[in-house]
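S.K.: I have a structure I would like to understand better, so I am pasting it below and will then ask my questions one at a time.
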Amino acid sequence: MPMRPILLNSCAMATTAAEARFRIDVPIAPSRATRVMALDPAAAAVVRSVAEQHWAGARFFTCHSPAAAAGGEAAGEVAGVVLRRINGSLARLSDELDGADVAVMVATADASASAAATIGDACTQRGIMTAAVILGDGYGTGGAGGAVSALRPHARVLMVTSDEHDVAEVLTALRA
Amino acid sequence: MLKQEINELLTRTGPGTPMGELFRQYWIPAFLAEELPENDCPPVRVKLLSERLIGFRDSDGRYGLVDEFCAHRGASLWFGRNEEGGLRCAYHGWKYDVTGQCVEVPSEAENSRFCANVRLTAYPLVRIGDILWTHLGDPDRRPALPEFEFVHVPPEQTYTSKRWQECNWLQALEGGIDSSHVSWLHSGALNSDPLFRGARGNKYNMGDLKPFFEVVDSPGGLLVGARRNAENGSYYWRITPWVMPNFTMVPPRGDHPVHGHFWVPIDDENCWVYSFDYHPVRALTGTERQAMMDGYGVHSQNIPGTYRPVQNKDNDYLMDRDAQRRSEHYSGIRGIAMQDASLQESMGPIVDRTKERLVPADSGIIKARQKLRRAAVALRDEGAMPPGVDPEHQRVRSAAIVLGPDESFVEACRDAVTVLPGTPQVSV
């Protein structure tokens, strides 16, 4: 290999603490377009609480089965899932995914597999990244194992945790 | 993204800092045993958690780790004479034993008891496997000795090396948790490195560049499962354990030895990387051991007489653009260890995490930072003993396995990620 001279300012020595101050320092675009969806009632309580924090642009929803939702022909119903905003108003999944680049599903042991499938499929069609935070203790009876199985096909990233603060932790890290 | 104050909390490990106190709850590697090879051998300087120390082995084979500087006028004891049961300062002859106790002050009167009142700060130094371990914390909270499998198998089954990495410990550790970079940065090595090549799992790695991830709490830290497509709808799982605060293992490949790392803060802008390979049930072959000594696998080729890699930031890691074009080395840097180190050092001494753009695939890193922060704060505020101190938490293995589409890696691999002496690693 031909030897070429290495200039001081073109080599890895420029990673010193003294050189770090010459890094371009401009504001970072505020956020990703994040949609946060609770798949079951216990998860909904967590999501409602998280939604009260300050977020750059994240939108928060709870999911309901069509039968359980008031008004069978609700505007939010898309192929087996009804979305409600935190204020209780209905939302249409396809509208909410328009412009989104990540969907974070939050679930507990009682997670609805059909809701996860509906959201997952809709995200896949639109090229939207999917992630899920599953709240539960362990994988045994009553644990998170069932929810993991339900969500695994539909979320590219699963975090299984007993700490509900992880929902906010993930959203913060993602600049939601 | 992290707030600046949290980045500060996680990256500063000097005395009195929350993370520094967290590290002081654990036994950490201080030296390779080869650094103090015989009684009365030369003392060795080391900086750990921003404290300058000196290690020595006295005439009776006892190990000592004490303040580097003589209590008299602050001269370095590295210039000292290690002889007749202690380390004697070369300046005025003050002498210390392995407990840091001053045992002789030559300028004092013959029967003077002055030296009884002079003691250097000293820490325990214990050999387990090829590593000399120390505990820099409160002796009253000294934990049980380390139980990591790689230091408890017979000597012929294990090999550990060490290198200096010129960046903060956390960005180095995060590379050990991040399983998604393997298919990119290390892609060339999967086909060529003698400690990686030939495993069936390699083709799964290269055949599916968009793995799915599952991050699961474990008693001592985390298990990070990376899932890639295998045959007939089955999945190839690579399971990376992290034991708090600074131990990671790489999932194995075929019958190759299993490897992993300790990431030990030197100060806030440098760390020691202890890299090991071991096989749970057989001796390493001569070829394997030689490959490790030559810097293959997770090891590095160091400048003789030092633990600084031959490839380092002063020579741009011997970047080879032709090899990069040929994809022999994806980044143009030879060797897995230096491929990682070059990029982690390129971030700067302490990466500014307020500027990063994390993605869901970084969930392992997100969760690890959260667990470290929680543990440091709980220790500071409540005195809570952190995860990873309990030897039971240290009896973990990495694993690589093919599972059916509906199988949980946590359930299916419960035994595979636990040390079962005398059983081989679960690997593909």
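S.K.: Among residues belonging to the stretch B:386-411 that are under 17 Å from B:ASN229 (Cβ atoms) and among the hydrophobic types (A, V, I, L, M, F, W, C), point out the one that is farthest from the other protein chains (Cβ to nearest Cβ).
M.R.: Checking each candidate, the answer is B:ALA400.
S.K.: Let me ask something else. If I go through the stretch B:212-237 residue by residue, how many of them are farther than 27 Å from B:HIS393 by Cα and in a loop (DSSP other than H, G, I, E, B)?
M.R.: Total meeting the criteria: 2.
S.K.: Follow-up. Go through (1) of a type in the set (S, T, N, Q); (2) surrounded by fewer than 18 Cβ atoms within 10 Å (Cβ to Cβ); (3) modelled with pLDDT of 95 or more one by one and return the number of the condition B:SER327 breaks.
M.R.: Exception for B:SER327: condition (3).
S.K.: Please go through the stretch A:125-149 and pick out each residue that is away from chain B (no Cβ under 12 Å) and in a helix (DSSP H, G or I).
M.R.: A:GLN125, A:ARG126
S.K.: Of all residues in the stretch B:203-217, how many are out of contact with any strand residue (DSSP E or B) (no Cβ under 6 Å at 6 or more places or on another chain) and buried (at least 19 other Cβ atoms within 10 Å of the Cβ)?
M.R.: Final tally of qualifying residues: 1.
S.K.: So B:HIS329 fits all but one of (1) on the phi < 0 side of the Ramachandran plot; (2) facing another protein chain (nearest Cβ under 8 Å); what number is the exception?
M.R.: (2)
S.K.: Restricting attention to the stretch A:161-176, and to residues there that are assigned to a loop (DSSP other than H, G, I, E, B) and more than 7 Å from every other protein chain (Cβ to nearest Cβ), which single residue is farthest from the chain's Cα centre (by Cα)?
M.R.: A:ASP163
S.K.: Restricting attention to the stretch A:150-160, does a residue exist that is more than 10 Å from chain B (Cβ to nearest Cβ), among the basic types (Lys, Arg) and surrounded by fewer than 24 Cβ atoms within 10 Å (Cβ to Cβ)?
M.R.: Scanning the stretch A:150-160, I find no residue that is more than 10 Å from chain B (Cβ to nearest Cβ), among the basic types (Lys, Arg) and surrounded by fewer than 24 Cβ atoms within 10 Å (Cβ to Cβ), so the answer is no.
S.K.: Still on this structure, please answer the following. Select the helices (runs of 4 or more DSSP H) contained entirely in the stretch A:1-112, then report the ones holding at least 3 residues which are more than 20 Å from A:THR130 (Cβ to Cβ), within 14 Å of chain B (Cβ to nearest Cβ) and modelled with pLDDT under 90.
M.R.: Counting at least 3 such residues, we get A:17-20.
S.K.: Also: Would you check which residues across the stretch B:238-255 are surrounded by 23 or more Cβ atoms within 10 Å (Cβ to Cβ) and either out of contact with any helix residue (DSSP H, G or I) (no Cβ under 7 Å at 6 or more places or on another chain) or part of a helix (DSSP H, G or I) (or both) and list them?
M.R.: Passing the criteria: B:ARG238, B:PRO241, B:PHE247, B:MET249, B:VAL250, B:PRO251, B:PRO252.
S.K.: While we're looking at this one, here's another question. Give the stretch B:253-276 a look and list any residue that's more than 14 Å from B:GLN157 (Cα to Cα) and hydrophobic (A, V, I, L, M, F, W, C), or say none.
M.R.: Scanning the stretch B:253-276 gives B:PHE262, B:TRP263, B:VAL264, B:ILE266, B:CYS271, B:TRP272, B:VAL273.
S.K.: Quick check on the stretch B:130-150: of everything there that is without any contact (Cβ under 8 Å) to a residue 60 or more places away in the chain and under 24 Å from B:ASP58 (Cα atoms), which residue is surrounded by the fewest Cβ atoms within 10 Å (Cβ to Cβ)?
M.R.: Here the residue is B:PRO139.
S.K.: In the stretch B:294-323, which residues are away from chain A (no Cβ under 11 Å) and surrounded by fewer than 21 Cβ atoms within 10 Å (Cβ to Cβ)?
M.R.: B:ASP294, B:GLN301, B:ASN302, B:ILE303, B:PRO304, B:GLY305, B:THR306, B:TYR307, B:ARG308, B:VAL310, listed by residue number.
S.K.: So, in the stretch A:38-66, how many residues would count as being acidic (Asp, Glu) and crowded, with 24+ Cβ neighbours inside 10 Å?
M.R.: 0
S.K.: Residues that are at pLDDT below 95, in contact with a Gly (Cβ under 7 Å, 6 or more places away or on another chain) and surrounded by fewer than 19 Cβ atoms within 10 Å (Cβ to Cβ): does the stretch B:341-357 have at least one?
M.R.: No, the stretch B:341-357 contains no residue that is at pLDDT below 95, in contact with a Gly (Cβ under 7 Å, 6 or more places away or on another chain) and surrounded by fewer than 19 Cβ atoms within 10 Å (Cβ to Cβ).
S.K.: Residues that are more than 14 Å from chain A (Cβ to nearest Cβ) and of a type in the set (Lys, Arg): find the strands (runs of 3 or more DSSP E) completely inside the stretch B:1-117 holding 2 or more of those.
M.R.: B:44-48, B:51-57
S.K.: Being touching a helix residue (DSSP H, G or I) at 6+ places or on another chain (Cβ under 7 Å), more than 10 Å from chain A (Cβ to nearest Cβ) and of a type in the set (Val, Ile, Thr) is true for just one of B:ILE350, B:ILE336. Which residue is that?
M.R.: Only one candidate qualifies: B:ILE336.
S.K.: Now, a different point. Enumerate the pairs (first residue in the stretch B:211-229 and within 9 Å of chain A (Cβ to nearest Cβ) and under 14 Å from A:THR161 (Cβ atoms); second residue anywhere and hydroxyl-bearing (Ser, Thr, Tyr) and assigned to a loop (DSSP other than H, G, I, E, B)) with beta-carbon separation below 7 Å, excluding pairs fewer than 6 apart on the same chain, so at least 6 apart or on different chains.
M.R.: Listed by first residue and then by second, the contacts come to B:ASP217/A:SER162.
S.K.: On the given criteria, is B:PHE69 at pLDDT 95 or above, closer than 20 Å to B:ALA30 by Cα and aromatic (Phe, Trp, Tyr)?
M.R.: Yes: the conditions hold for B:PHE69.
S.K.: Within the stretch B:71-80, can one find any residue that is in contact with a helix residue (DSSP H, G or I) (Cβ under 9 Å, 6 or more places away or on another chain), within 30 Å of B:PRO143 (Cα to Cα) and surrounded by fewer than 20 Cβ atoms within 10 Å (Cβ to Cβ)?
M.R.: No, the stretch B:71-80 contains no residue that is in contact with a helix residue (DSSP H, G or I) (Cβ under 9 Å, 6 or more places away or on another chain), within 30 Å of B:PRO143 (Cα to Cα) and surrounded by fewer than 20 Cβ atoms within 10 Å (Cβ to Cβ).
The values are calculated or read from the model by the stated rules, or taken from the named source; none is laboratory data. The structure displayed is predicted, hence computed values, not measured ones. Glycine gets a Cβ as well: all are built from the backbone with ideal geometry, and neighbour counts include every protein chain shown.
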